[in-house]
1. Residues of region A:76-87 being more than 9 Å from chain B (Cβ to nearest Cβ) and assigned to a loop (DSSP other than H, G, I, E, B), which ones?
2. Can you name every residue in region B:214-238 that is in a loop (DSSP other than H, G, I, E, B), touching a strand residue (DSSP E or B) at 6+ places or on another chain (Cβ under 8 Å) and under 23 Å from residue B:195 (Cβ atoms)?
3. Residues to consider are A:240, A:184; find the one that is more than 27 Å from residue A:98 (Cα to Cα) and either out of contact with any strand residue (DSSP E or B) (no Cβ under 7 Å at 6 or more places or on another chain) or not in a strand (DSSP E or B) (or both).
4. Specify the residue that is surrounded by the fewest Cβ atoms within 10 Å (Cβ to Cβ); the eligible residues are those in region B:197-227 that are at pLDDT below 95 and under 23 Å from residue B:142 (Cα atoms).
5. Could you go through region B:110-127 and let me know if any residue there is without any contact (Cβ under 8 Å) to a residue 60 or more places away in the chain and touching a strand residue (DSSP E or B) at 6+ places or on another chain (Cβ under 7 Å).
6. Would it be correct to say that residue B:399 is loosely packed, with under 14 Cβ neighbours inside 10 Å and at the interface with another protein chain (Cβ under 8 Å from one of its Cβ atoms)?
7. Starting from residues that are part of a loop (DSSP other than H, G, I, E, B) and touching a strand residue (DSSP E or B) at 6+ places or on another chain (Cβ under 9 Å), keep the ones in region B:239-262 and report whichever is farthest from residue B:85 (Cα to Cα).
8. Considering only region A:138-154, state which residues are away from chain B (no Cβ under 12 Å) and touching a helix residue (DSSP H, G or I) at 6+ places or on another chain (Cβ under 6 Å).
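The values are calculated or read from the model by the stated rules, or taken from the named source; none is laboratory data. Keep in mind the model is a prediction, meaning the values are calculated, not measured. Counting neighbours? That spans all protein chains shown, and the Cβs are built from the backbone with ideal geometry, glycine included.
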């Protein structure tokens, strides 16, 4: 199951209003694109859906698979299958990427203690996914996002997402700063999760990634609201005309 | 408040209990010349040592209490017991250790650790070492690992040549106190060219109430040798304060390498006032790894005198200051010779109103050409009630040298917490991961067993912080 519904969501930060009544529904098994000019509130929306404590939800609902998650803490939302691939993944010094991956892996499978068998399977799975994403196994010895290039960070975000096997993923500008091969790798990683039980909101500025991902629907945000919704044809319109045509 | 009670209860369970023991010799409460004479007589010491002690007592009495650093005004020297002998036997056979003492160290996991991963072990109970053992092959190579009292009796020449040469009695008030009433501690001698491949460990346990522990450790690494020595400490949680004033002297001769690791985990009624200093001769390396958890007040600044050219000092430390604790710790390095290098890295954590202070001093003397020094201290403050101070000092007397200093002071980063939470970590687990990550540059240097234990201790301290 992976459907997400946002109803009349109003959000402020430090007293400043940034989301002004978002209404959005992503159906089960759908991948939707979320586009819009810089500062329109796309990243804020994804952080609010995940539950970042800095944002104040003033009104509205966030419903995941029929359950209002607004009162839940971020880790509880993660346990319900929500995942956020960050636009700018933060460095976490001293915390090993392998440790975080293991945590994600064991939580997904309900493992408490690392048995030799579970560790072996974990290692096998990670190795396969590293290869899929074109990452060297030496990355496993790194700290979370420690000393990684922008593109490497994006790919380790994708790696975590693959291990988490989320029911609903928000993928925030995973394509920015990626060369064409990495972009293909990341897009096919997302694509591999696709299915009846997986929904996703792909935030992007560019058509490129959508050429690979083929979104079921496209939503355009402006000034903290959904300003337009439609099919894939909207992407072409944006490429040609920019955002100028959107009604203020 | 609840969090702290919980932490103390956990300390109480693991370390905070005490055993009721019949001591074989106890001096009267308080410190006079006759206390010092009594200690020396009980130990049947040579006259030079008695004279050394008596002179040190005079110095102690003349020196004022330090006016800087932590508040020491509550220490009452006349309420402390300076010498308590738990047993008349010292033994290298675990079966011969008196039952009640054995029970203590069994609970602390000492003999188990020896079997698993140590080349030798010493165990001190209040004033005296009750057990000392070294792997036979090392003994055959001439390595001496015994308690300091036995070394004075059994190896008088090596002893007298080195004792008190690194930390003189007049160094500071507490070094003088230790010099007057010292008892126990480790004596480690590594002959030229001998490499001790796995660590040697001593464990210091305060058991009785009101007792002071004044061990004296002396490590001599002869030319081209290497050794890693580890010490651990703990004490019961009494309502009265205890005093721990140790002196540690390390001598690393030409091209020798000494690593000295401390994981202290005192209960929060202990004044921990320790002088640790090393001499590094030509090409030698001295590494202090100093982990400070617990205690009421700690004042401790492991230092290295880089005496010979190309010698190296590395000092890594962590300090955790919880409720009612003041960790005043730091490091000192003196560069006396050309091409000497030093690196200081200090990590401090403060929580529940604890206060941690880092004092760092690097002095590069004229003539220490090509010397390089780097000092870094990172403080992590875990709540609004807690405090951290950084007092670094670089004194450069030689133009042809390089010295740098960095300091960071931070609180738990909300975005890092959120990142980990989005991966399914609970707030406690995420905070714990960040704290352990913060101290990782220290823990990754420890032998695995100690790294795990230290992470576990920090996790215990962190628990219940909602």
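1. Hits for region A:76-87 are A:80, A:81, A:87.
2. B:222, B:225
3. Values: A:184 fails: more than 27 Å from residue A:98 (Cα to Cα).
Answer to the check: A:240.
4. Ranking the qualifying residues of region B:197-227, first place goes to B:197.
5. Taking every residue of region B:110-127 in turn, none turns out to be without any contact (Cβ under 8 Å) to a residue 60 or more places away in the chain and touching a strand residue (DSSP E or B) at 6+ places or on another chain (Cβ under 7 Å).
6. Numbers: loosely packed, with under 14 Cβ neighbours inside 10 Å: yes; at the interface with another protein chain (Cβ under 8 Å from one of its Cβ atoms): no.
No, not satisfied.
7. B:255
8. Of the residues in region A:138-154, the ones away from chain B (no Cβ under 12 Å) are A:138-140, A:142, A:147-152, A:154.
Matches in region A:138-154: A:140, A:142, A:151.
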